[in-house]
């Protein structure tokens with residue numbers, strides 16, 4: 001197994017669904033796909049504003065780990081998520097995944113674990129909140 005990678009998974013799904021139910025369905029789809037063996041852990045990122053139409057974009061931080069490189073893991077996660085979302089909610093729904101950029105890593109890691117990663121540089125906001133405790 002290679003080192004885990006952080007990815008951002010964006011899903012377009014109906015606006016009336018519970019994001020935690022969608023998170024559970026995506027986790028089952030990513031972990032249960034026998035053709036693309038990936039161990040995935042998802043965490044929902046709340047949106048600042050609601051979607052205006054019938055569909056809404058949901059964002060999740062994904063910690064992916066598997067036998068391939070980071071780009072292969074992200075591609076397989078995207079394919080599995082897209083297949084699961086379309087099967088559950090129809091053809092107009094979709095999913096996109098991308099590897100987290102270097103400047104996003106401290107923030108995304110804190111959203112998943114709640115504490116800064118020892119190997120990642122903490123953001124200035126995270127450092128100031130740690131010092132004030």
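The values are calculated or read from the model by the stated rules, or taken from the named source; none is laboratory data. Every value quoted in this text rests on a predicted model; they were computed, and no experiment measured them.
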Review point. Which members of the stretch 85-111 meet the condition of being more than 11 Å from the chain's Cα centre (by Cα) and not in a helix (DSSP H, G or I)?
Key: 90, 91, 92, 93, 94, 101
**Study point:** Filter result (modelled with pLDDT under 85 and within 18 Å of residue 98 (Cα to Cα)) within the stretch 24-36
**Key:** 36
